[in-house]
Amino acid sequence: MTRFLPRLAPWLIPYVVTVLALISLDVPVMPIAKYSLYFALAVALPGILILRALWRSTGNWAEDFGLGSAVGATYQLAGWAIFTALGWQRVLMIWPALVLVAFAAVPRLRKYWRIHDPKPLPLLWTWGMVIASTVLLGGAVLGAMKYHPAPPDGTSYYQDLLYHLSMLNELTRSVPPQLPQVSGESLEYHWFANADMAAAVDITKLSPIIVLYRLWLLPQLLVALLVCATLARTVSRAWWTGVLAAVALAGPQLFLFIDTAVNLSPPLSLLSPSQTFGMVAGTAAAVFLIHLLFKGESSKGLWLLAFTVAVVGGGSKPTTLPILVGAVGLPALFLLIRDRRLPPRFLAAGSLLVAAAIGTMVTVAGSTSGSGLQFLAVLKTQGGYAAATRDTTPAGEGGLILPALTSGHLLSIAGVLVLCALLLTGQLLAATGYALLANRTLRLDPIAWFLLGALIAGWAGFLLVDHPSISEAYFVHSAVPFSLAATGWLAATITRSCAPAGRRRVLLWIAVAGVLLGALFAFILLTTDALPSGSQLRRVALVARPLLVVVAVTAALMFVWLLLVKRVPRVAGLGGLLVLLTLLVVPSARTFEQNLHLNGGKQAQTFTSATWWVYPDEEAAALWLAKNSKTTDVVVSNTWCRPAGKQGPGCDARGYIVSGIAGRRTFLEGWGYTSQAMAHHGDGGLRYNQQPSPWPDRVELTNQAIYEPTADVLRKLRDQYHVRWVYADLFGGPVSPDLGKLAVLRHSWQHVRIYELTG
């Protein structure tokens, strides 16, 4: 046991830091301990045992933990679906316990509790991963989580979190799930991440609020670092590339220690659990596919692991499976051209992935309504786009090609080209992997085309899809692990070519120089940025100014490098490594410096918004309802619009007080994120979240029940739609006195009344 302590003990550091950070946010110790035990014993450990039984161990516990957690989550989802469909959610703990008991009781399975062929990674790998994990987890809690108070500790709540909370509550009670905002309708969304949370709630009996807002994300972030590191090491066969990938993911989160933010730095996310969960599953599936397709390990167990985990990724985020299809498809094309034959395993893998992509898109991928195709539509989100191009068309409109490109104005086209270059500087983690093409040896390796296929698919979705809510960005975010693996592989190849004599010292200086140069370029991009004004020519020039300065500085540095190579021949050939390290540092340095530059290092306390303000009486009433009603009760409410009190056409229909904070199904609440609303994005010049309700009959019935109630209306709601409660918010208008005569008033405080429909 003592020989394992040097590798196990350091992992206590990120755990202790995370626990202390959570306690500082008033999270009690018992829920933290309970969730820690849950994840370790109900997700990670069963997953590790299944991983080893169906395939094998990676040779070390850390990577087994990462891949095993992805496998364990897949197994857990299957159990959640079965037990929830049967109404057995309260005893879901039996499902993971079955694995532990089987592997303890069956003699031929007991061997999987140990690693029979240990291949421990260097202690430096452990410390590198520990430091990256500490930065990421500590920053997530003290930054993004601190910025978003959990009910009932705040007065403003970011709408996406309340939306996810509504789905989490729904997924603890039904399979297939209903739409929490429109009872009886099917939930059309990629809800697998929310189902994973629901399983955690069912087993731990913790509040859905504390699971979503404080606990669920943290082990997912650790697993994300581990699976990305495993992918990088798998393709490069160099242990330190895994650390490089982890540091590149954790580095941009450093700013969270000095300044809170609405979210983590991409590709990780607090506000989009589906992105984090889907990226973990997609990356783990990629590791399995590499061993399956390129390393000759084609056992039935590995096929099962690869495609069940891939399906979980597709059900978590619609971007995951198209990226994996690209990853398998491009090397298949490469082998077909090179060898004049296509290995059957590629055809089988590609067919299964395409089928899974279509299946998940039809059944659970949801929220893609309103999406179209427009080349470079994502540029509309870039600062200065309208000023430089004179194009003011909103997202989701403008034809197949960006209107600025078809305008015929040379300055507008020039502005687009400049903004494309700036877009690359903001997505360097997802772009540096293309440097793999610079090495001839790697270009001949099919695994390189696997990584490039994933990158091309991710960037194709990013640059071609036009989503009303700019969700095409998730394509490029999901491709980041493949880019980091490719970058690490190229860096390892360059490093191996370095002369052994003095290699470590030279590489250390290259690393230091890369960090300094990355900070320099980030500083240049920030300080040379300016608000476009004046004539269009001047606006384009101001937008382009950061790039022009970067080009000038790069030219000067190249001249200095040539002089250095003459004086220190040992660094010859390492210029590519210096460039790669510099590019990886820029996102971290840019995020860090941006917050210092814009906010002066002053930490914002909590998220505040006039639109998403929830009044104390609204929140208290929702929590009362959660405590005093059944989980399957249906509620009529007039809280579909935000800010409170704004009703009628054009209101922001993303109100989730009852379906989110109370966690109850509603007859009708915020419909802004429904597929039906998104399909009408742009109608009448309104965004999807401002469209009239796709269920006007429910709007009419709700208004009648609260403002003009009759016995027949309330009876119809109770008997036909199974409504049990009325949540009447006076901010939406005065409640009819007749409602108190036709229903029983159960809760009243300030502007909120809650009635029960009896009889």
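The values are calculated or read from the model by the stated rules, or taken from the named source; none is laboratory data. Computed from a prediction, not measured in an experiment: that's the story for all the values here. Positions of Cβ are generated from backbone atoms using ideal geometry, with glycine treated the same way; all protein chains shown enter the neighbour counts.
Data overview
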| quantity | calculated |
| --- | --- |
| Qualifying helices (runs of 4 or more DSSP H) (wholly inside segment 273-339; at least 3 residues being in contact with a Ser or Thr (Cβ under 6 Å, 6 or more places away or on another chain)) | 273-293, 300-316 |
| Residues that are exposed (fewer than 13 other Cβ atoms within 10 Å of the Cβ) and at pLDDT 70 or above, drawn from segment 593-607 | Gln605 |
| Residue match in segment 375-389 (condition: over 30 Å from Trp191 (Cα atoms) and among the polar types (S, T, N, Q)) | yes |
| Entirely in segment 414-521, the helices (runs of 4 or more DSSP H) that have 2 or more residues that are under 23 Å from Val247 (Cα atoms) | 428-431, 446-464, 473-478, 480-496 |
| Flag for Asn628 being more than 29 Å from Ala250 (Cα to Cα), surrounded by fewer than 20 Cβ atoms within 10 Å (Cβ to Cβ) and modelled with pLDDT of 90 or more | yes |
| Checklist (1) hydrophobic (A, V, I, L, M, F, W, C); (2) touching a residue at least 40 places away in the same chain (Cβ under 8 Å); (3) touching a helix residue (DSSP H, G or I) at 6+ places or on another chain (Cβ under 6 Å); (4) buried (at least 22 other Cβ atoms within 10 Å of the Cβ) applied to Ala144, failing item | (3) |
| Residue count for segment 231-263, restricted to those that are of a type outside the set (D, E, K, R), in a loop (DSSP other than H, G, I, E, B), modelled with pLDDT under 90 and touching a Gly at 6+ places or on another chain (Cβ under 8 Å) | 3 |
| Unmet criterion (only one of (1) in contact with a helix residue (DSSP H, G or I) (Cβ under 8 Å, 6 or more places away or on another chain); (2) within 26 Å of Ala246 (Cα to Cα); (3) crowded, with 16+ Cβ neighbours inside 10 Å) for Arg56 | (1) |
| Conditions (1) more than 20 Å from Glu397 (Cα to Cα); (2) at pLDDT below 95: number failed by Gly415 | (1) |
| Test: residue in segment 552-574 that is surrounded by fewer than 19 Cβ atoms within 10 Å (Cβ to Cβ), of a type in the set (S, T, N, Q) and modelled with pLDDT under 90 | no |
| Ser736 part of a loop (DSSP other than H, G, I, E, B), surrounded by fewer than 23 Cβ atoms within 10 Å (Cβ to Cβ) and in contact (Cβ under 8 Å) with a residue 40 or more places away in the chain | no |
| Count of segment 619-651 residues which are touching a residue at least 60 places away in the same chain (Cβ under 8 Å), over 24 Å from Leu206 (Cβ atoms) and under 30 Å from the mean Cα position of the chain (by Cα) | 5 |
| Ala589 being under 27 Å from the mean Cα position of the chain (by Cα) and at pLDDT 80 or above | yes |
| Residue that is nearest to Asn263 (Cα to Cα), among those in segment 122-157 that are under 22 Å from the mean Cα position of the chain (by Cα) and aromatic (Phe, Trp, Tyr) | Tyr147 |
| Sole exception among (1) over 29 Å from Val309 (Cβ atoms); (2) surrounded by fewer than 18 Cβ atoms within 10 Å (Cβ to Cβ); (3) touching a residue at least 12 places away in the same chain (Cβ under 8 Å) for Ala21, by number | (2) |
| Scope segment 708-733; condition in a helix (DSSP H, G or I) and of a type in the set (Val, Ile, Thr); matching residues | Val713 |
| Residue list for segment 86-121, restricted to those being over 31 Å from the mean Cα position of the chain (by Cα) and among the hydrophobic types (A, V, I, L, M, F, W, C) | Val101, Ala102, Phe103, Ala104, Ala105, Val106, Leu109, Trp113, Ile115 |
